[in-house]
1. What does the net charge come to around Leu254 if you take all other residues with beta carbon closer than 11 Å to its beta carbon, with K and R at +1 and D and E at -1?
2. What's the Kirkwood radius of segment 15-95 in Å, using all Cα pairs?
3. Roughly how big is the chain's charge dipole about its Cα centre, with Cβ charges of +1 (Lys, Arg) and -1 (Asp, Glu), in debye to the nearest 20?
4. Provide the descending list of Cα extents for segment 173-265 along its principal axes, expressed in whole angstroms.
5. Please sort 18-31, 102-115 by packing, taking for each peptide the average over its residues of neighbouring beta carbons within 10 angstrom, highest first.
6. Where Rh denotes the Kirkwood radius from the mean inverse Cα pair distance, what is Rg over Rh for the chain?
7. With springs connecting C-alpha atoms under 10 Å apart, model the chain as a Gaussian network and identify which of Asp71, Asp166, Asp57 has the largest mean-square fluctuation.
8. Where does each of 203-211, 85-93 land if you order them by average Cβ count within 10 Å, highest first?
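Just so it is clear, none of the values below were taken in a lab; they were calculated from the coordinates. Quantities reported herein were computed from a predicted structural model and do not represent experimental measurements. Every residue, glycine among them, receives a Cβ derived from its backbone with ideal geometry; neighbour counts consider all protein chains shown.
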Amino acid sequence: MSLITVDESKCIKCELCIKECPVAVLKMGKIGPEDRETTTCIACGHCVAICPNAAIDNKKAPLVQQVDLKDFPKLNAQQAEHFLRSRRSIRNYKDESVSREKLAKLIDIARLAPTAENSQGISFVVVENKQLIEEATEITIQMIENSPLRHLVEAAVRSYREDGVDSIFRGAPNLIITIADKNLRSARDNSVSFLTYLELYAPSLGLGSCWAGIFEYCASIEHSPLLKLFNIPEEKKITAAVMVGYPKYSYKRLVDRNPLEVVFL
């Protein structure tokens with residue numbers, strides 16, 4: 001059964017769909033592009049998205065599910081730079097839960113991020129229960145107290161035990177965890193891509209985020225009690241996590257980074 005269909009009345013045989021296919025699924029036939037009857041299509045949707053006349057459709061990336069870009073304004077270079085640089089890692093949050101609607105929007109945007117060979121394969125656990133986050137904080141602290149890496153996070157342990165300060169999730173009201181099949185090779189890379197999209201989008205909803213690195217480390221340990229706490233299926237693993245909430249403070253300036261180091265060859 002053919003993977004693609006072509007509207008002959010619209011197709012101008014420009015071959016853009018063929019040239020843009022990253023896995024060479026398409027070829028030019030007598031009346032227009034056709035697929036090679038192969039299963040290598042990775043459902044990237046390039047063939048459908050690039051067609052100037054909407055003449056091609058792909059069962060794995062249907063035209064009806066794509067959004068026409070003609071009416072979408074583009075950021076200029078200065079706007080794009082400001083957008084990217086204005087994201088900050090938020091470590092102080094208001095005591096206010098994020099609505100499920102906004103959390104759902106965050107992860108819906110995240111799933112659109114690029115992944116290795118369009119493998120995707122990432123699902124989400126969205127933690128709304130603050131008690132669960134508090135339990136995860138205690139378990140994480142206990143794990144790092146008995147870890148050979150304790151000396152690297154001694155301040156986090158001390159501030160939690162002596163002052164009751166949550167230095168694991170920073171008092172964030174919500175936690176977003178990515179999970180994947182244990183045998184997915186690109187699981188971590190795909191998760192980083194997903195959550196980077198999430199972090200960049202969050203400020204547009206008035207939200208802030210920060211990577212939960214210490215939690216990630218403890219969750220990655222074999223038979224980690226954190227897996228049971230969050231009901232992670234046996235065949236799955238936790239691949240990344242970010243805390244999410246409303247920032248308690250706002251920033252007034254864009255921060256610089258280390259000087260650029262580059263070699264052009």
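1. That works out to +4.
2. Hydrodynamic radius (Kirkwood, Cα pairs) of segment 15-95 is 15.8 Å.
3. 540 debye
4. Each principal axis gives a Cα extent; for segment 173-265 these are 44, 44, 21 Å.
5. Highest to lowest by the protection proxy: 102-115, 18-31.
6. Result for the chain is an Rg/Rh of 1.06.
7. Of the options given, Asp71 has the highest mean-square fluctuation.
8. Most protected by this proxy first, the peptides run 203-211, 85-93.
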